[in-house]
Amino acid sequence: MEEPPWNDWVLDALFAPTCVACRRRLGPAREAAVCRQCWNAIRIVRPPWCDRCGEPLRSWRTLAEVNGQCARCLAQPPRYDQARAFGLYEGALRQIVRALKYRGHQSLGAPLGGLMRQAGWDLLSQAEAVVPVPLHPWRRLRRGFNQADELARRLGLPVWRPLRRWSLGAPQAGLRGEHRRRNVRHAYTVSYAGTSAFSKRPRRVVLIDDVMTTGATLDACGGALRDAGVEWVGALTAARASTPIGASTAAAPRPRPPRTRRPWTPHR
Ligand SMILES: [Zn+2]
Ligand SMILES: [Zn+2]
C-alpha cells in the first residue's frame, strides 16, 4: 500500500501552499507542490552524452571523436555500466529535489519518479529490479524516509534493497571531487537479509538516486553490487550536476585558483 505523504498534508494545513521552487502561491495548475511553470522550466538532459556516465557532451562531433565515452570514463572506468538522468541539477529541479530531500515533501516522489521513468526507459527495460541508494540508518531515522526509495518505487520494476550504508562519513554535499570518492569508496556493502521476496537474485539492476554529482556514490554502490555478483549495473537519477564537461577537458586537471597573497599588515 502507498504510504500517505503525511508531511505534505501537514505543510499544506499549516501554511498557504506555495510552489517549492518559486514560492509563488499555488493555483489549480499544480502537480504535487510545484507549479506548472516550474515543471516546464526544468532543463532536461539531452544527447549527445557519454554513453557510459551520461555526461552531456558539447556536440555530436565530440561524441564521435571520443568513440562514445568521455575522457574521464576512458581514464577511470566507473563501476557501473551506464548512467542517465532526467534533468540538470539547477534552478527549479534543484529546488524540487531539495524539497523532497530536506523539507519533507514526499509527494514529489511520484511526479519525479514518472519523469525518471521516461528518461530512463532504455536502462529500465534491460533490468530485473531497481536498487535505491541507501542512507545510513541514522540519517534515514532523522529524515524519516529515503528519497532514493521514494523514487525507486515509481519506476515500474521490483525494488531490491540489498545495499547497506554502514559508515556514516561526511555528507557528500559538502565535499568535492576526489574527497567524495574516498568518503564513500568502502561505505556500501551488500546484505541479503530482508530481501527474501526475491526468490532469485537479480543479475541486471538499475541503481536509483536523487542526484548524481561526481558519480562517486553510484561508483561505490556499483562496485559493491558487482563484487556481489550482479552482472550489469545501470544508474538513474532525477538530476545530475549541471556542469557539462566536454570530452576534451574532462580528464584535464582543474585549474588551480590563483594564489592570493595575504594582505600585508604592518602590526602583526
Ligand atoms: Zn513554481
Ligand atoms: Zn563518461
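With the requirement that a residue be hydrophobic (A, V, I, L, M, F, W, C), touching a strand residue (DSSP E or B) at 6+ places or on another chain (Cβ under 6 Å) and farther than 25 Å from F86 by Cα, what does region 191-229 give you? Full working, then the answer.
From region 191-229, those hydrophobic (A, V, I, L, M, F, W, C) are 193, 197-198, 205-208, 211-212, 216, 218, 220-221, 224-225, 228; that's our starting set.
If we keep only those that are touching a strand residue (DSSP E or B) at 6+ places or on another chain (Cβ under 6 Å) as well, we get 205-208, 211-212, 218, 220-221, 224-225, 228.
A228, the sole residue that qualifies.
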Worksheet item: Among the residues of region 71-104, which ones are in contact with a strand residue (DSSP E or B) (Cβ under 9 Å, 6 or more places away or on another chain) and of a type in the set (A, V, I, L, M, F, W, C)?
Response: A83, A85, F86, L88, A92, L93, I96, V97, A99, L100
Discussion item. Looking at P78, P134, can you tell me which residue is within 23 Å of P202 (Cα to Cα), out of contact with any helix residue (DSSP H, G or I) (no Cβ under 7 Å at 6 or more places or on another chain) and of a type outside the set (S, T, N, Q)?
Written reply: P134
Discussion item. So if I check each of R36, R52, which one is within 26 Å of R226 (Cβ to Cβ) and modelled with pLDDT of 90 or more?
Written reply: R52
Fill in: Positions within region 81-109 being assigned to a loop (DSSP other than H, G, I, E, B) and under 22 Å from R143 (Cβ atoms), in sequence order
R103, G104, H105
Worksheet item: Which ones in region 45-80 are more than 10 Å from ligand 2 (Cβ to nearest atom), assigned to a loop (DSSP other than H, G, I, E, B) and over 26 Å from G91 (Cα atoms)?
Response: N67, R79, Y80
Discussion item. Looking at L108 and the list (1) farther than 21 Å from P17 by Cβ; (2) buried (at least 21 other Cβ atoms within 10 Å of the Cβ); (3) within 16 Å of ligand 1 (Cβ to nearest atom), which single condition is not satisfied?
Written reply: (1)
Fill in: Residue that is surrounded by fewer than 21 Cβ atoms within 10 Å (Cβ to Cβ) and within 13 Å of A152 (Cα to Cα), where the choices are R98, R117, R103, R139
R117
Discussion item. Looking at region 29-41, can you tell me whether even one residue there is touching a strand residue (DSSP E or B) at 6+ places or on another chain (Cβ under 9 Å) and away from ligand 1 (no atom under 16 Å from the Cβ)?
Written reply: no
Worksheet item: What is the one condition in (1) of a type in the set (G, A, S); (2) away from ligand 2 (no atom under 15 Å from the Cβ); (3) under 19 Å from D209 (Cα atoms) that A83 does not satisfy?
Response: (2)
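Hey, does region 233-240 have a residue that's surrounded by 18 or more Cβ atoms within 10 Å (Cβ to Cβ), over 13 Å from the mean Cα position of the chain (by Cα) and at pLDDT below 50?
Pass one, region 233-240, residues surrounded by 18 or more Cβ atoms within 10 Å (Cβ to Cβ): 233-240.
Subsequent filtering for residues that are over 13 Å from the mean Cα position of the chain (by Cα) retains 233.
Now drop any that are not at pLDDT below 50, which leaves none.
No, region 233-240 has no match at all.
The values are calculated or read from the model by the stated rules, or taken from the named source; none is laboratory data. The structure displayed is predicted, hence computed values, not measured ones. For neighbour counting, all protein chains shown are included, and Cβ atoms are generated from backbone atoms with ideal geometry for every residue, glycine included.
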